[in-house]
Amino acid sequence: MNIRTIGITLSVIGVSSVLATLSIHATENMGQFSRSLVGNIFESGTEKKSCPEDMILISSPEGAFCIDRYEASPSEVCIFDNPQNIRDAEVNYLQQECVPVSEPGQSPWTFVSRDMAMELCARADKHLPSSREWFLASLGTPDTGTPYTENDCNLNRNWGIREVGATGSGEMCVSSFGAYDMTGNVWEWVDDDVVNGVLGNITLPESGYVDGVTSSGIPFTSSTSANELYGQDYFWSPREPVTAVMRGGFYGSGSDGGRYTFYSQAKSTFVGNAVGFRCARVVE
């Protein structure tokens, strides 16, 4: 399958060199986060803040927030614990007591549109993360490319399965903060819109390999050649009136997927068997 055509399946971006250096440093200090450069920046002033056990604490200049440790899955009361199609996902969505949870070893909640994901996060007293929130939480997630093992992020059907795997299955697929599966497994919706190729005040370049991103992980320049500094990651950004945004890639993205990968080629109503989400929450 040509992974640059998110396809009917969907089954189917650097920071400045400073941020790239930060994320690399954080990876090298995984397990000793409080002593890493990124840790020193993001832990500062957050000692008294906390998140629920199923979430992790992230700090930023705009304020601290929590984000789900794992990709969202349906709670125990939901009718379908592993939606297999649009109908299953909609049945869960229409069940008001059915909420998304963040737990290891569960099937990600797929066939959910961006609009549905926003509503579902709200039910859990959370919100769909912005692209910036998502990117900050992803820092330090390995993005090394081949070879892929069962302990790596699920970017090449490498979890011993054909497609989507259970949350947290890749022991090495964890960010410096402790968020699992930020790349691969399923695309993740974020709460942003691209309008005629513009996100906020950033005019996105044409689709291509990531060759430079803002501090929010938004691509501002592209290349026809893969850039190792950005994990050979790719982004898709056609000139359409309004499109929604997904991050991270999916189980078949290969080296195109990673924490800089950015996809804004679908409407907010799109659903697919490799599209999921996770939720966030503001820390007061």
Q) In the list T167, T243, which residue meets the criterion of being within 25 Å of L57 (Cβ to Cβ) and modelled with pLDDT of 95 or more? A) T167
Q: Filter the range 124-177 for residues that are among the acidic types (D, E) and outside any helix (DSSP H, G or I) and give the result.
A: D125, D143, E150, D152, E163, E171
**Q.** Filter result (open to solvent by 30 Å² or more (accessible area, probe 1.4 Å) and among the hydrophobic types (A, V, I, L, M, F, W, C)) within the range 71-100
**A.** V77, I79, F80, I86, V91, L94, V99
Q: Of the numbered conditions (1) open to solvent by 50 Å² or more (accessible area, probe 1.4 Å); (2) closer than 28 Å to V77 by Cα; (3) not aliphatic (A, V, I, L, M), N156 fails exactly one; give the number of that condition.
A: (2)
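The values are calculated or read from the model by the stated rules, or taken from the named source; none is laboratory data. Please read these numbers as outputs of a predicted model, since none were measured by experiment. Glycine gets a Cβ as well: all are built from the backbone with ideal geometry, and neighbour counts include every protein chain shown. The protein model used for the area step is the full one, side chains on, heavy atoms only, and it has no ligands, DNA or RNA in it. Shrake-Rupley method; radii C 1.70, N 1.55, O 1.52, S 1.80 Å.
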